[in-house]
Amino acid sequence: MNTKSTFTRARIVTLLLSVFLLTAGAYGLPPNALVLTTSDTSRQAVTINDTITDPSAQVFMTGLPGNANPEAIAFFGNDAALVLDAGNSRVFVIQPSTGTLVSTISLPGGCSGVSPSYEAPLVVSPNGNYAAIASGTKVCAISAPFNSSSTVTTATLSGTATARIRAAVMDNSGRLFVRTANGISVLEAPYTSEAFTIPFTYSTVGTVSMTPDGSKLLVTHQLQPTTSRIQIFTAPFSAASTHEDIIANTGLVAAAIAPDGQKLIYIINTPFDHIVRTLNAPFAPGASGETLVMPAGYAGCSDISFSADSSAAVLSECASSTKNVLIKAPFTNTGAQSSYISLTSGNDNGGTGSARFLPPEFSTPQTPGVTAFDFDGDGRADTSVYRPSNGMWYLQRSTAGFAGAQWGSSTDRVAPADYDGDGKTDIAVWRESESNFYILNSADSTVRVENFGLAGDILTIGDWDGDGMADLATYRGGPQSYFFYRGSLNNPNHDITYIPFGTSGDKPVSGDFDGDGKADATVFRPGTAVWYIRRSSDNQVQYDSWGIATDTIVPADFDGDSKTDLAVYRSGMWYIKRSSDAQPQYVAFGLASDKPVAADYDGDGKADVAVYRDGVWYLNQSTAGFAAANFGLATDKPIPNAFILP
């Protein structure tokens, strides 16, 4: 078939039904966003998009149960957070930008968050694989993905954890430090038992904090009527660790260190005084500091959160007569600007709940264009099918709604990818008999026809040169197999690059296994069940045994670290080897006859385990939890299955 006749037959039969508008919340939260909870009357979570410049722009949660007591907050992504429901043995998974309750995690006995009147700490490991709650004599560890199906394990502490939001902290490696009545309990992932305890003297009430580099652990002690103290432990930490003391004001209740490591703010509350003070780094006996001026009527708070850039702090867990307090740097007696934060809706304007700024590791929103099978550019994969009988594409786009297009014939291979770099997957097919790709560019609705590949090749579409646009690519098997691709970066002559890699019987695999933004030449060798990966970052070959000869190869980024994970599907069981920590993950989801369609359907940056069964989609979403949808026929080809080999 010639090019002209192809243009005639390729026609769009359904116009796009809506226009996608890029808004601040579409791809996440801005850097100075804050989430706070209220737990006196309205019991809700509130997101303030720009706390420093415009704290009046607020999004209120919907969907929380009427008996909810939202307290501690911990982010596990730019637009994903956990909220502990104190006293109710559950954790809410929320999307702050939209104020949406995504899922609810039920907790076993002993993990209730102490009670509605007291607080328990909630922290998330740096790699996002675990959340930990210290409640009474238990540490309760929740394994990602965080949803209603999350696994929760418990460990027994050697002492009772302090009922403070800041009574636990993790270092950069994910080691957990919990303040108890007997000392600092230290636990390693997966947090099933104590590794050791760092003993201390003085009080049973206080908080813990850690310098950004993990070199110092600071423990506060609330002493009345005597002088309070901040104990400083220096790494490496062990049961024999000793400390230095900083003398502080009577009534010390909490302390927190700024992300830049230069300031510590601590709070003093007594029946007579409500004071907020600073210490300057390096934190050691004799460190200088001063008292910050609070707004008129300030009656005391007991928690602190810093913005990611250390330019502001918010005081929360306040007396019922005190609202949350915003303090703008510089944190000096004459320079700091402090003011109350008022809620624009609801009955609860007090600061009795918790508050957390976006942490530095999540302060940059996700950018569009990184999600496979996303036809409307909202960062979420779309349920979509190709009907060979009439060449129709049917798309149920997660933001823009339904659309359809006639594009291709019954023998074409679907080749969806973002070829024009606009952040949206383009409708495309490869006609093997002609060696032609027919691509409908979503950016401007123009048609692109390119001759590439030979009959018998296997499609290995991906961004091979790292410019943000998918490149035409195929794999040609043989005693010496080859990957071929036509790069879109600095390639005016449309030259073809070839990489000799693999041998007869190997299965080509598409993915970016080293996280450099470029596809890697990769094969799975069924005879030995070994993956061979030629990393584009350094041209070194990495190999790993994972799976068996008859497995279906389903690689994707399941842990959200921007690296493709080794994964196979076998009779309804998913076997995943996470690249973030090299740990195995096993998920029972689907039937042997199902078609695996792993993709990021909930937009949290992690591929979701999912299957297509006779026109029904079953999704085990890593943040949003389980979902099912009827879309398609038994004879349709699910688009997210396009590049999966049996």
Margin query: Which order do you get for Glu194, Glu361 if you rank them by accessible area with a 1.4 Å probe, largest at the top?
Written below: Glu361, Glu194
Check: Could the peptides 544-551, 178-185 be put in order, highest first, of the mean number of other beta-carbon atoms found within 10 Å of their residues?
Finding: 178-185, 544-551
Checklist line | Amide H partners (placed H, <5 Å) of Ala372, local residues excluded | finding: Asp600
Notebook entry, point to check: How would you rank 591-598, 606-613, 93-100, highest first, on the average number of other Cβ atoms within 10 Å across their residues?
Noted result: 606-613, 93-100, 591-598
Next item on the list: Provide, for the chain, the number of lysine pairs with alpha carbons under 14 Å apart, each pair being eight or more places apart or on different chains.
Entry: 7
Notebook entry, point to check: Got a number for the accessible area of Arg486? Probe 1.4 Å, square angstrom, nearest 10.
Noted result: 40 Å²
Next item on the list: Order these peptides, 270-283, 501-514, by their mean beta-carbon neighbour count within 10 angstrom, highest first.
Entry: 501-514, 270-283
Next item on the list: For segment 390-403, take each phi angle, set θ = phi - 60°, evaluate the Karplus expression 6.51 cos²θ - 1.76 cosθ + 1.60, and give the result in whole Hz per residue in order, putting x for glycine and proline.
Entry: 10, x, 8, 9, 10, 10, 9, 6, 5, 10, 8, x, 6, 8
Next item on the list: Using a 1.4 Å probe and ignoring any ligands, DNA or RNA, find the accessible area of Trp464 and quote it in Å² to the nearest 10.
Entry: 20 Å²
Item checked: Residues whose placed amide H lies under 5 Å from that of Gly251, excluding near-sequence neighbours -> Leu223, Ser228
Checklist line | Heavy-atom accessible area per residue - the chain, 1.4 Å, Å² | finding: 38 Å²
Next item on the list: Run the numbers on segment 440-538 and let me know its relative contact order in percent, using alpha-carbon pairs under 8 Å that are six or more apart.
Entry: 19 percent
Notebook entry, point to check: Which whole-Hz ³J(HN,Hα) couplings does segment 475-482 yield from phi under the Karplus relation 6.51 cos²θ - 1.76 cosθ + 1.60, θ = phi - 60°, glycine and proline marked x?
Noted result: 10, 10, x, x, x, 10, 7, 9
Next item on the list: Sort out for me the Cα centre separation of segment 484-550 from segment 144-216, rounded to whole Å.
Entry: 42 Å
Item checked: Computed [θ] at 222 nm, helices only, for the chain once each DSSP H run of length n ≥ 4 contributes -39500 (n - 2.57) -> -500 deg cm²/dmol
Next item on the list: Please state the charge dipole magnitude for segment 347-482, taken about the Cα centre, from unit charges on C-beta atoms (+1 on K and R, -1 on D and E), reported in debye and rounded to the nearest 20.
Entry: 420 debye
Note to self: Could you sort Ser241, Ser580 by their accessible area in this structure, using a 1.4 Å probe and putting the largest first?
What the structure shows: Ser580, Ser241
Notebook entry, point to check: Which FRET efficiency value, to the nearest 0.05, is calculated for Thr192 and Gln480 with the Förster distance at 51 angstrom and r the Cβ-Cβ distance?
Noted result: 0.55
Check: Treating the beta-carbon of each Lys and Arg as +1 and of each Asp and Glu as -1, no other charges, what is the dipole magnitude of segment 204-296 about its Cα centre, to the nearest 20 debye?
Finding: 80 debye
Note to self: About the Cα centre, and with charges only on the beta carbon of Lys, Arg (+1) and Asp, Glu (-1), how big is the dipole of the chain? Nearest 20 debye, please.
What the structure shows: 860 debye
Item checked: Relative contact order, percent, segment 278-435 [alpha-carbon distance under 8 Å, six or more residues apart] -> 14 percent
Item checked: Residue-level accessible surface for Ser537, protein heavy atoms, 1.4 Å, Å² -> 70 Å²
Notebook entry, point to check: Counting pairs of alpha carbon atoms under 8 Å apart in space and at least six apart in sequence, what relative contact order in percent does the chain give?
Noted result: 9 percent
Notebook entry, point to check: Quick one: Karplus J couplings for segment 544-553, per residue in order, coefficients 6.51, -1.76, 1.60, θ = phi - 60°, nearest Hz, x for Gly and Pro?
Noted result: 7, 8, 7, x, 10, 4, 8, 5, 8, 7
Next item on the list: Give a quick list of chymotrypsin sites (Phe, Trp or Tyr not before Pro) in segment 142-234 that DSSP marks as loop, anything other than H, G, I, E or B, with at most 16 other Cβ atoms within 10 Å.
Entry: Tyr202
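The values are calculated or read from the model by the stated rules, or taken from the named source; none is laboratory data. Note that the structure is predicted; figures quoted are calculated from it, not measured. Note that we place each Cβ from the backbone using ideal geometry, even for glycine, and neighbour counts take in every protein chain shown. Surface accessibility is based on the protein's heavy atoms, side chains included, excluding ligands, DNA and RNA. Shrake-Rupley method; radii C 1.70, N 1.55, O 1.52, S 1.80 Å.
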